[in-house]
Amino acid sequence: MSRKDLRASLVLIAATLVLSGVFVWAQQRPSLKNDRVSAGRSETQFRSLGPSLFTIEVHSGNDDSKSSLGSGYLVSRDGLIVTNYHVVSDFIDQPKRYMLRAKNGDWEGPVELVRFDMFNDLALIRARDVEAQPLPLARALPAGGSHVTSFGNPEGLGLSVIEGVFNGLAEKGLVPRMLLSMPLNSGMSGGPILGEDGAVIGTNVSVMRDSNSLSFGVPVSKVHDLLARADVVDASPAKLRAELTRQLSEAEQQTTRRLIAALDASSKDPTVHVGGVAMRALPQLFECWDDSEDFKDEGIAQHEFNCNLDFSPELSDLGEVSGVWWTLENFSLKNPPRGRFGLFGFLPGHAKSHTTVESIAPRNGVTSAWECVADRVPFASRAWKVTTCVNAFVKHPGFATYELSATSLDEPTGASFVQIHARGFREASFLELSKRLLATLQ
Amino acid sequence: MIAIRVLDDDRVIREIVTSSFPVTIGRAPSCTLVLSSLSVSRVHARIDHDNEGLAFFDESRNGVYVGLGRVASRVPLTSKMRFHVGDATIEIEPVLGDAATVELKTPLRVEERRRGALHHVLCALSVACATGLTMCLDTETWSPWNNNRAATLVSGVMGGAAGTVLVGLGLFVLYKALGRRLRLADVFHTMALIAWIFPIAAAVEYLLYYALSPSALGRITPWLYTLSMVVVTVAIAGIRRARSWRFVVGIAGLALAGLAALDWVQATTAQKNGEPAADFTVQAPLGSWTGPVVSLDDYWKRVSQATRDAEQKAAQVEAAQREE
């Protein structure tokens, strides 16, 4: 275990060093020496795009302080600016408390929220009387492997450019994400990603945790979709909340529909063996990890199989929603039935250590307290102790976080542990998904 | 003539032989037999002749007990009888003729100390065995991750025994300070017995796990432990004391009230902090029997109910926010 921790910290340290190194380097030398063509173009772009790129701030009203910060780019002559939903989500949650501002070297002032797309993490805001050239939007994504340039304002320190490679769309998850080899930094969220011809092909959105140069973008088609919609949001708290609930509902329906279809279609998928237990492989939408360890002295082998949807939309106060996490673990005894009594000595603690129920105190006013039900239930030809906890969303009635944990009771040579963690789902969807996920156990 | 003896653990420590009636027993210095204890009334009892012969009269507010039962206000004295007067035990024997006094031959303290030493060892052994058995019944002791099982057991057993000695000493000092007449052996004796309540409770809980559904178990297990704690409290409070029904019920009531208060505080704190009542208990199967089960469909119905409960709570939070 400690070796794992050490490895993780080493990776983290390495990532931090590389990131900060690249960051300092990018600040000191805006051009990359070994790629003169692209470097020259960047310099021109850097100068000419400046007035069309903005720093977006969520203010609590105090003069020069901000609560959150991101980047944005002008896409129309009437002042429409594209940024990320997560850059302005504090304002969407509490429009009475916060206000939106945008600024660059030429222009500074309040902006209005026009529209947002929680699922794809985009928002459209409008700045009045901006005299700058809008960025051209590409119609489609370039081929994988093409060079891209990304702009933004990291940590509010100043307009920065990062060059990288677009590798195509990420293959996992339900939210489409551009896979980019470039080290984006916090504060660059919402900045444009330009293709080789200088047109916007996407919007900066996130970086891979614990990695040193893997970043993600939202494909430009989602900006086209957002621009094509006619509605303009009413920035009253009740209307914004209703709109967020509507989008949450849409995301949940879409996720559930796609997962159910994929799970129903996967009946012929290969079998995954996790120690003494087997299950049908989960559909490709899931990113799965397989691990096992032999504890010789203790006479026990531990196997785990974890899956999740890599990208889930995120609400500022509730965290990831429309996300599903699956865990299957198996403990096999080397000398059954010796040690069987003792096996049960750590299973309750093991289940507890895996639950988020114990650690997440209901956030003040955001969710209800947890409601839990426990019973002994037979399925997959075993008897299980199943504990399910529910935590309902206050602002979005009908949606909740569910966590189902099950420990097998009657395996002759060990025990298995299953967990389904689903955030931001309706009861019916959770039940439909859980039934199918539990049915993958053989 | 009558002989009245004050007993301590079946030994006579004082004796009066008299033929002048009435004989009075109480705390007041004017009594024939003075028992200087706050548990004794000023004039607690009287022995006198009436129309029907020699009799014992209860004059007290707190009563006189034989065993656990309170005596009637008049008890005819025909043969040797024992009474609990407050926390003292007296023996009354009508004596025929001019029988002499009873000689207290042995120096009591020496004899008691000798008995006490062996007694203490046996008590410690009893506690050690009970603690060891409790630990053996706990599956956590046998967990494969527990690399030092023998050490865990030995340290647990020794800790149990040492803890008993410390608690026993503390109780002894406390009771002495409160004026109760008792010896260390009395305390150890009681603790050696009550130590067995815990393995019994653990065994009962283990069996109940397979007899009951998790929800029924969740309702009953706390009572099992409440009952154990009440028995322990009554046993400790009753060390070297006449255990009347009133006393037993009173102490049990106090213990229950204390436990209920503690439970209320814990439940309120847990509710305030939003701690979930998530039950992850599993026990090693009893043969192939895993206990009563419910079907998956019925379980989903319970999940739906939990969802409705959570949504109701969320609606309450929302209503509270609106009011603000």
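Taken together, the criteria exclude residue A:401 from residues that are among the polar types (S, T, N, Q), more than 7 Å from every other protein chain (Cβ to nearest Cβ) and not in a strand (DSSP E or B).
Under 8 Å between Cβ atoms, which residue pairs at least 6 apart in sequence (or on different chains) link something in region B:136-164 that is in contact (Cβ under 8 Å) with a residue 40 or more places away in the chain with a partner that is surrounded by fewer than 14 Cβ atoms within 10 Å (Cβ to Cβ)? Correct list of pairs: B:137/B:203.
Considering region B:312-324, the residues that are of a type in the set (Asp, Glu) and part of a helix (DSSP H, G or I) include one that is farthest from the other protein chains (Cβ to nearest Cβ), namely B:323. Residue A:300 meets the conditions (1) modelled with pLDDT of 85 or more; (2) touching a Lys or Arg at 6+ places or on another chain (Cβ under 7 Å); (3) farther than 26 Å from residue A:86 by Cβ; (4) more than 14 Å from chain B (Cβ to nearest Cβ) in every case but one. The failed one is (4). Candidates in region A:175-208 are the residues that are hydroxyl-bearing (Ser, Thr, Tyr) and assigned to a loop (DSSP other than H, G, I, E, B); of these, the one that is modelled with the lowest pLDDT is A:186.
Taken over region B:269-301, the criterion of being without any contact (Cβ under 8 Å) to a residue 24 or more places away in the chain, exposed (fewer than 14 other Cβ atoms within 10 Å of the Cβ) and of a type in the set (A, V, I, L, M) is satisfied by B:270 alone. Out of A:395, A:352, A:385, one residue alone is within 9 Å of chain B (Cβ to nearest Cβ) and in a loop (DSSP other than H, G, I, E, B). It is A:395. One residue stands out among those in region B:302-311 that are closer than 22 Å to residue A:354 by Cβ and either β-branched (Val, Ile, Thr) or more than 7 Å from chain A (Cβ to nearest Cβ) (or both): the one that is surrounded by the most Cβ atoms within 10 Å (Cβ to Cβ), which is B:307. Inclusion of residue A:433 among residues that are more than 9 Å from chain B (Cβ to nearest Cβ), touching a residue at least 40 places away in the same chain (Cβ under 8 Å), outside any helix (DSSP H, G or I) and not polar (S, T, N, Q) is not warranted.
Residues that are surrounded by fewer than 18 Cβ atoms within 10 Å (Cβ to Cβ) and touching a helix residue (DSSP H, G or I) at 6+ places or on another chain (Cβ under 9 Å) were ranked within region B:216-227; the one that is nearest to residue B:89 (Cα to Cα) is B:227. Every listed requirement among (1) within 25 Å of the chain's Cα centre (by Cα); (2) of a type in the set (Gly, Ala, Ser); (3) not in a strand (DSSP E or B) is met by residue A:150 save one, (3).
Looking at A:356, A:388, A:367, can you tell me which residue is surrounded by fewer than 21 Cβ atoms within 10 Å (Cβ to Cβ) and of a type in the set (Ser, Thr, Tyr)?
Details: A:388 fails: surrounded by fewer than 21 Cβ atoms within 10 Å (Cβ to Cβ); A:367 fails: surrounded by fewer than 21 Cβ atoms within 10 Å (Cβ to Cβ).
When all the criteria are applied, what remains is A:356.
Residue A:420 satisfies every condition listed in (1) among the aliphatic types (A, V, I, L, M); (2) at the interface with chain B (Cβ under 9 Å from one of its Cβ atoms); (3) part of a strand (DSSP E or B); (4) surrounded by fewer than 22 Cβ atoms within 10 Å (Cβ to Cβ) except (2). Annotation for region A:112-130: no member residue is closer than 16 Å to residue A:187 by Cβ, more than 26 Å from the chain's Cα centre (by Cα) and not small (Gly, Ala, Ser).
Residues A:333, A:328: which one is within 9 Å of chain B (Cβ to nearest Cβ) and surrounded by 20 or more Cβ atoms within 10 Å (Cβ to Cβ)? Of A:333, A:328, the one residue that is within 9 Å of chain B (Cβ to nearest Cβ) and surrounded by 20 or more Cβ atoms within 10 Å (Cβ to Cβ) is A:333. Scanning region B:201-215 for residues that are in contact with a helix residue (DSSP H, G or I) (Cβ under 8 Å, 6 or more places away or on another chain) and within 13 Å of another protein chain (Cβ to nearest Cβ) returns B:209, B:212. Can you confirm whether residue A:412 is at the interface with another protein chain (Cβ under 7 Å from one of its Cβ atoms) and outside any strand (DSSP E or B)? So residue A:412 does not fit the description; no.
The values are calculated or read from the model by the stated rules, or taken from the named source; none is laboratory data. A quick note: this is a predicted structure, and the numbers were derived from the prediction, not measured. Every residue, glycine among them, receives a Cβ derived from its backbone with ideal geometry; neighbour counts consider all protein chains shown.
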